[in-house]
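What follows is a short report on a single structure.
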Amino acid sequence: MPNLVGKTFLEAKLTLRAFELNLGAVVKEGAIQNEESAIVYKQKPDPGPNGDRQITVGEPVDVFLREGTGLPPGVVFKEGDMTPQNDNAIPPSPPAAADTTLPVD
């Protein structure tokens, strides 16, 4: 079963179609300006801890939508990178600089 949490509503609908699952109830939290770009923050049934829950083809999946990023506090997308980053984490050390000295003739 696909994990829809963090996807836009449009992405979630396309994902459900790809997995041959049906859209169930759509529950909206608060005012949503653009439904297609709203973020899925919860789904039922849950995909399981490793996204390994098995469900029957055609089964409905309920989605819960809200405005915003849908990400937990402190987790953001860095510009140019689509991997969520935790702003509270200690950044990794930069790679060692390459030796750029040239031999002298």
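The values are calculated or read from the model by the stated rules, or taken from the named source; none is laboratory data. Bear in mind that the values here come from a model prediction, so they are computed numbers and not experimental data. Cβ atoms come from the backbone with ideal geometry, glycine included; neighbour counts cover every protein chain shown.
Report yes if ASN22 is surrounded by 11 or more Cβ atoms within 10 Å (Cβ to Cβ) and at pLDDT below 65, otherwise no.
The answer is no for ASN22.
Kindly provide the set of residues from the stretch 24-66 that are more than 14 Å from MET1 (Cβ to Cβ) and in contact (Cβ under 8 Å) with a residue 40 or more places away in the chain, ordered by number.
The one that is more than 14 Å from MET1 (Cβ to Cβ) and in contact (Cβ under 8 Å) with a residue 40 or more places away in the chain: LEU65.
Condition first: out of contact with any Pro (no Cβ under 6 Å at 6 or more places or on another chain), exposed (fewer than 13 other Cβ atoms within 10 Å of the Cβ), modelled with pLDDT of 90 or more and among the hydrophobic types (A, V, I, L, M, F, W, C). Can you find one or more residues in the stretch 32-46 that meet it?
Within the stretch 32-46, none of the residues are out of contact with any Pro (no Cβ under 6 Å at 6 or more places or on another chain), exposed (fewer than 13 other Cβ atoms within 10 Å of the Cβ), modelled with pLDDT of 90 or more and among the hydrophobic types (A, V, I, L, M, F, W, C).
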